[in-house]
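First the structure, in the form of structure tokens, and then the observations on it.
The values are calculated or read from the model by the stated rules, or taken from the named source; none is laboratory data. Bear in mind the structure is a predicted one, so any value in this text is a computation, not a measurement. All Cβ positions, glycine included, derive from the backbone under ideal geometry; neighbour counts span all protein chains shown.
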Amino acid sequence: MAALIPTGAIGWGLQLPVQAQSRIFVQPWEAAAGPSELARVAAAADRAGALYVAVCDHIAIPSPADETMGTTWYDTVATLGWLAAQTASVNLLSHVYVLPYRAPLITAKAFATLDALSGGRAILGVGAGHVADEFAVLGADYDRRGAAVSDAVPVIRAAFDSEVVDVGDVRVGVAPRPVRPGGPPIWIGGSSKPALRRAALLGDGWLPQGPPKMGMSAAVEFIRQARVEAGLPEQFDIGVTGGPIFISEPSDHGEVPEHVPEHAMVGSPDQLAERIRRLTGRGINQLQFQFMGRDADQVCDQIERFGAEVVPLLG
């Protein structure tokens, strides 16, 4: 187990548009977009120095959940593998891969292969899932989903660590081998107390999914304390979903563009850096944003401006 982000450093990334088009967060331009726009946004993140680009995981959205979630969710591993060929250095994150939908060795095989093909750029973000009817359609056990994550992670990590592993009474080999020593980092998602504990004890990092009921500062302290009590290393990647963000121009005079939601973080590079530093001061070292734009070109411009104008101000 090892954190990805060096001590004292800050990493940032984004969940890619186009790949997941839930009506809760999709931007208007995405409906007519496709692989070309997806690749351009990922390439912009690569140029801007993002730590990662992320994609979601849903297989079949049941009715009536499709009324809010939509039905466009590109396959996670296929998309990350394709993006590996479109980019040079940015990491490729699943945010999050629903472990109870698959046998652990299927996940280990997929992400070891992704790591091998991408030159060591895979990050396995995992979670328990939340759509009960999707579990039913796939024949997965919804009530046992948290325990399934706890059972799967050690098996996946064993397959990352060694080509030959014992699974029950059977010895199996899993290759190709990941490039990254020990395999891709495993970041565990979820904001419930059991999810926080799983992340602390089994993961290399934590991916919150919605604000924790106990509050962000308390959640960070809970993770830190759980790791101390278990004798685990202090270094651990702790993320936060910063939400929509838009770098404004001086000519905007504080007005929010029509395509940017009212709850978005909007401001000059200096103003945004000041607000972001409040997050990193709470022990968070990984920030995820949704970059807003009227089209893919403006989103790419926002990403590159963030890397060039905001990140250097974070210290």
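I'd like the full set of residues that are farther than 21 Å from Pro194 by Cα and in a loop (DSSP other than H, G, I, E, B), limited to region 104-138.
Residues satisfying the conditions are Gly119, Gly120, Arg121.
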- [ ] Could you figure out which of (1) small (Gly, Ala, Ser); (2) surrounded by fewer than 24 Cβ atoms within 10 Å (Cβ to Cβ); (3) in contact with a helix residue (DSSP H, G or I) (Cβ under 7 Å, 6 or more places away or on another chain) isn't true of Gly119?
- [x] (3)
Task: Residue match in region 263-283 (condition: at pLDDT 95 or above and closer than 28 Å to Leu114 by Cβ) - done: no
Task: Selected residue (criterion: nearest to Ala50 (Cα to Cα)) from residues of region 144-163 that are of a type outside the set (S, T, N, Q) and outside any helix (DSSP H, G or I) - done: Glu163
Task: Among the candidates Asp141, Asp166, residue that is modelled with pLDDT under 95 and either in a helix (DSSP H, G or I) or loosely packed, with under 15 Cβ neighbours inside 10 Å (or both) - done: Asp166
Open item on the list: Return the residues of region 19-37 that are touching a residue at least 40 places away in the same chain (Cβ under 8 Å) and hydrophobic (A, V, I, L, M, F, W, C); say none if nothing qualifies.
Closed with: Ala20, Ile24, Phe25, Val26, Trp29, Ala33
Open item on the list: Can you go through Ala230, Ala195, Ala200 and tell me which one is modelled with pLDDT of 95 or more and out of contact with any strand residue (DSSP E or B) (no Cβ under 8 Å at 6 or more places or on another chain)?
Closed with: Ala230
Open item on the list: I want to confirm something. Restricting to region 72-104 and keeping residues that are among the β-branched types (Val, Ile, Thr) and without any contact (Cβ under 8 Å) to a residue 40 or more places away in the chain, which single residue is nearest to Pro178 (Cα to Cα)?
Closed with: Val77
Task: Enumerated helices (runs of 4 or more DSSP H) restricted to region 1-87, each holding at least 1 residues that are out of contact with any helix residue (DSSP H, G or I) (no Cβ under 7 Å at 6 or more places or on another chain), charged (D, E, K, R) and at negative phi - done: 35-48, 66-69
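Can you pull out the residues in region 1-14 that are surrounded by fewer than 19 Cβ atoms within 10 Å (Cβ to Cβ), touching a residue at least 40 places away in the same chain (Cβ under 8 Å) and not hydroxyl-bearing (Ser, Thr, Tyr)? Even if it seems obvious, please write down each step before you answer.
First pass over region 1-14, keeping only residues surrounded by fewer than 19 Cβ atoms within 10 Å (Cβ to Cβ): 1-2, 6-10.
Cutting the leftovers down to touching a residue at least 40 places away in the same chain (Cβ under 8 Å) gives us 1-2, 7, 9-10.
Selection gives Met1, Ala2, Ala9, Ile10.
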Open item on the list: Kindly evaluate Gly231 against the criterion of being closer than 20 Å to Ala200 by Cα, small (Gly, Ala, Ser) and exposed (fewer than 15 other Cβ atoms within 10 Å of the Cβ).
Closed with: yes
Task: Single condition Ile247 does not satisfy, out of (1) touching a strand residue (DSSP E or B) at 6+ places or on another chain (Cβ under 7 Å); (2) closer than 28 Å to Arg294 by Cα; (3) in contact (Cβ under 8 Å) with a residue 24 or more places away in the chain - done: (1)
- [ ] Check whether at least one residue in region 182-197 is over 15 Å from Val155 (Cα atoms), touching a Ser or Thr at 6+ places or on another chain (Cβ under 6 Å) and of a type outside the set (Gly, Ala, Ser), and report yes or no.
- [x] no
- [ ] Specify the residue that is nearest to Ile276 (Cα to Cα); the eligible residues are those in region 189-242 that are assigned to a strand (DSSP E or B) and among the aliphatic types (A, V, I, L, M).
- [x] Val240
TODO: Would you point out the residue of region 122-138, among those that are small (Gly, Ala, Ser) and surrounded by fewer than 19 Cβ atoms within 10 Å (Cβ to Cβ), that is farthest from Gly205 (Cα to Cα)?
DONE: Ala136
